[in-house]
C-alpha cells in the first residue's frame, strides 16, 4: 500500500530502484573477480558518456510546467556529474559486481532516472559531462565482505578517473568546474576531489562541489571546506534527507557528525526553513512542483516534513534518499548560478 500511494502521488523516478533494492536486496553469491569484469570504457566515444554538451541527451531537458530552458550552449562553466547506483537488480550477464557500460537496458534506466531528474538541475549554468562507468552493484554497499566492496568501488573509480582525465585534456580548457554527485557518485566524487583538487592547482577552478546523498565529514579534505553561505565558493555542500523525527539505526555510524547543508538556506545551522523558501522540486513525469518541501538540519541529517504534494497525508516514507535532489531541484539550480556568478566576479 505504501509504495502504491507513493507511486500514485509523488513518484520520484530518480531512485525508486534504490528504495526497492533496500527492501529486497539482491545478494551476489560470488566474490569479486578482476578477471571477470566488463571491458574498460573508451571515453573517446560519445556512447561512453551519459551526457555531453555536444550531443542530445536527457541532461538537456527541463521540467514540464517550469518555463525553464537548457542553457548549456552559453554556459561559462563545466559540470562533472557522477550518477548514483542504478545497478540494483539481479545481474543478467556474467558481470555481477560491476556493470557493463554497454548494457543498453541499464543505460536507459540511468538516463531516464538520475540524468533526467538530477543532472538537469545543473544545465542552467554549466555544460554537463556525465561519464558512464562500471558502477559497483548495490550489493557492494551492504555486503559484509570489505574486500569485495573495496575492489568493486575501486574498479568503478578507475573509470571515473580516466573519464575526468580525458575531460581535462580535451574539453576543459581552463574553464570553471562544478563537481556534482549523488550516492555512489558522491563516494567517487570525494575521491576525485582529493586526488585532483584538494590543495592542488586545479582547486583554483573549483566553483563548488555538491556532494549529495552520502555522509561527508567536515574534515574530509585538507583545503576544501564546507560552505556555510549561499554565495561561498571553492567548498562543498552535502545533505541526506529523512522524515522529521526519524533516527536511522546507522545514525551514529558517521551520519551524526556529517556535514548537513540546508538546500533552502545553504547554511549548516539548525534553523527551520519553511516550504515558502522552496523554489520548486521535480515530481511525477518530470513535472515541476512548487514549494515541494521544507527543511531543517538535525544532527547530520536533513529533516523534512511530508512533501507538500497531493496525497501527502498517505506518505509514510522515512528515508528520502530517493529525492535528495528532486525535492530541492530549483533551489540547487539557482544556487549554482549564484556561486558561479560570485566565482566569475572574483
**Study point:** Residues of the range 64-114 that turn out to be crowded, with 23+ Cβ neighbours inside 10 Å and in contact with a strand residue (DSSP E or B) (Cβ under 9 Å, 6 or more places away or on another chain), as a count
**Key:** 15
Check your understanding: If we scan the range 28-43, do we find a residue that is at pLDDT 95 or above, under 30 Å from residue 285 (Cβ atoms), surrounded by fewer than 18 Cβ atoms within 10 Å (Cβ to Cβ) and out of contact with any strand residue (DSSP E or B) (no Cβ under 6 Å at 6 or more places or on another chain)?
Key -> no
Revision key, fill the gap. Considering only strands (runs of 3 or more DSSP E) wholly within the range 230-346, the ones with at least 3 residues that are in contact (Cβ under 8 Å) with a residue 24 or more places away in the chain, crowded, with 18+ Cβ neighbours inside 10 Å and touching a strand residue (DSSP E or B) at 6+ places or on another chain (Cβ under 6 Å) are 301-304
Point to revise | Test for residue 208: is it surrounded by fewer than 18 Cβ atoms within 10 Å (Cβ to Cβ) and modelled with pLDDT of 95 or more | key: no
Point to revise | Meets criteria (closer than 21 Å to residue 337 by Cβ and either free of Cβ contacts under 8 Å to residues at least 24 places away in the same chain or assigned to a helix (DSSP H, G or I) (or both)) for residue 163 | key: no
Check your understanding: What do you reckon, is residue 139 in contact (Cβ under 8 Å) with a residue 60 or more places away in the chain, in a helix (DSSP H, G or I) and farther than 30 Å from residue 331 by Cα?
Key -> yes
Practice item. Determine whether residue 58 is more than 18 Å from the chain's Cα centre (by Cα) and surrounded by fewer than 24 Cβ atoms within 10 Å (Cβ to Cβ). Key: no
Exercise for review: Could you please let me know if residue 152 is within 30 Å of residue 345 (Cα to Cα), assigned to a helix (DSSP H, G or I), touching a helix residue (DSSP H, G or I) at 6+ places or on another chain (Cβ under 6 Å) and at pLDDT 95 or above?
Suggested key: no
Review point. Looking at 38, 53, which one is assigned to a loop (DSSP other than H, G, I, E, B), more than 17 Å from the chain's Cα centre (by Cα) and within 23 Å of residue 183 (Cβ to Cβ)?
Key: 38
Review point. Do we have any residue at all in the range 196-219 that's assigned to a helix (DSSP H, G or I) and touching a strand residue (DSSP E or B) at 6+ places or on another chain (Cβ under 6 Å)?
Key: yes
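Conditions tested, residue by residue: (1) part of a helix (DSSP H, G or I); (2) under 17 Å from the mean Cα position of the chain (by Cα); (3) within 18 Å of residue 28 (Cβ to Cβ).
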residue	(1), (2), (3)
93	no, no, yes
107	yes, yes, no
115	yes, yes, no
121	yes, yes, no
129	no, yes, no
133	no, yes, no
Practice item. All but one of (1) in contact (Cβ under 8 Å) with a residue 60 or more places away in the chain; (2) touching a strand residue (DSSP E or B) at 6+ places or on another chain (Cβ under 8 Å); (3) surrounded by 17 or more Cβ atoms within 10 Å (Cβ to Cβ) hold for residue 171, so report the exception by its number. Key: (3)
Revision key, fill the gap. Residue hits (the range 41-50; closer than 19 Å to residue 114 by Cα and either in contact with a helix residue (DSSP H, G or I) (Cβ under 9 Å, 6 or more places away or on another chain) or in a loop (DSSP other than H, G, I, E, B) (or both)) are 47, 48, 49, 50
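Rundown of residues vs (1) buried (at least 24 other Cβ atoms within 10 Å of the Cβ); (2) at pLDDT 95 or above; (3) in contact with a helix residue (DSSP H, G or I) (Cβ under 8 Å, 6 or more places away or on another chain); (4) over 13 Å from residue 80 (Cβ atoms), yes/no style:
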| site | (1), (2), (3), (4) |
| --- | --- |
| 122 | yes, yes, yes, no |
| 129 | yes, yes, yes, no |
| 175 | no, yes, yes, no |
| 194 | no, yes, no, yes |
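The values are calculated or read from the model by the stated rules, or taken from the named source; none is laboratory data. Everything numeric in this text was worked out from a predicted model, so none of it was measured. Quick reminder, even Gly has a Cβ in these numbers, built from the backbone with ideal geometry, and neighbours come from all protein chains shown.
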